[in-house]
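A quick write-up on the structure given underneath.
FYI, it's all coordinate maths here, none of it is from the lab. Remember, it's a predicted structure, so these values are computed and weren't measured experimentally. Quick reminder, even Gly has a Cβ in these numbers, built from the backbone with ideal geometry, and neighbours come from all protein chains shown.
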Amino acid sequence: MLLSIMHDEDVQRVVMIADRHFNTFWPQLYGDYRENLQRLTEWRPSLRRIYPTSAFAASSINLGPRTVSHRHYDFANLAWGLCAITAFGNYDPDKGGHLVLWELKLVVRFPPGTTIIIPSAMVMHSNTPIQDGERRYSIAQYNSSGLFRFVDNGFMTDAAWDKQASNAAKDQRAEERKARWKRGLGRLSNRSDLM
């Protein structure tokens, strides 16, 4: 059932739109996502991408029928990465289904068919319930931070890398990780980048 949803022509269009928006507004980070997936699939050609045209490696499909997410951070996602969320259904977006971005103190009207891209590991988010008799579904697309570490480690886990790494390599890794946040945030676009 899941594969039939993921391969549905309309779902593929939604995925493509989110992918194009990601590339348009965050081209540097988008390039990092594409490169990471390319390196991973070149290393292991038997790996199949869930959406062949997308830079996102993972997807969660929430089948509802009254999908609600409670306050959370997506801790497993790339810390400075982005998550595309698309809502579907037949609910009244003026009465429910709003996206809540807690630290920003924003409640965003989120109608069916809308896609929003947020830094889901950095911003606590949730959505509001919908009315009785209504339906709400969603698709979230994202990349796990573990995929980036795995590729950066030469296609091995952190634990496997630690076992084989020299002390000098471990020291170098520790220094690189100190600057990782700054480098990662630098991959996000600001207004002047887009003008």
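Of the residues making up the range 86-109, not a single one is exposed (fewer than 12 other Cβ atoms within 10 Å of the Cβ) and among the small types (Gly, Ala, Ser).
Is it fair to say residue 134 is free of Cβ contacts under 8 Å to residues at least 24 places away in the same chain and not β-branched (Val, Ile, Thr)?
Working: free of Cβ contacts under 8 Å to residues at least 24 places away in the same chain: no; not β-branched (Val, Ile, Thr): yes.
For residue 134, the condition - free of Cβ contacts under 8 Å to residues at least 24 places away in the same chain and not β-branched (Val, Ile, Thr) - is not met.
Checking each residue in the range 6-47 for being within 25 Å of residue 119 (Cα to Cα) and of a type in the set (A, V, I, L, M) picks out 6, 11, 14, 15, 16, 17, 18, 29, 37, 40.
Taking each residue of the range 83-96 that is in contact (Cβ under 8 Å) with a residue 60 or more places away in the chain and looking for partners that are surrounded by 19 or more Cβ atoms within 10 Å (Cβ to Cβ) and assigned to a loop (DSSP other than H, G, I, E, B) with beta-carbon atoms closer than 7 Å, six or more apart or interchain, yields 84/56. Residues that are in contact with a helix residue (DSSP H, G or I) (Cβ under 8 Å, 6 or more places away or on another chain) and among the β-branched types (Val, Ile, Thr) were ranked within the range 25-68; the one that is farthest from residue 141 (Cα to Cα) is 53. Across the range 148-159, the number of residues qualifying as under 16 Å from residue 40 (Cβ atoms), of a type in the set (A, V, I, L, M, F, W, C) and in a helix (DSSP H, G or I) comes to 3. Of the set (1) of a type outside the set (Phe, Trp, Tyr); (2) in contact (Cβ under 8 Å) with a residue 24 or more places away in the chain; (3) surrounded by 15 or more Cβ atoms within 10 Å (Cβ to Cβ), all apply to residue 153 but (2).
Filtered by the rule that a residue be more than 25 Å from residue 22 (Cβ to Cβ) and of a type outside the set (D, E, K, R), the range 129-152 gives 129, 130, 131, 133. Pairing each residue of the range 27-47 that is farther than 18 Å from residue 156 by Cα with any residue that is assigned to a helix (DSSP H, G or I) and of a type outside the set (Asp, Glu), provided the two are 6+ apart or on different chains, yields C-beta distances under 6 Å for 30/22; 30/23.
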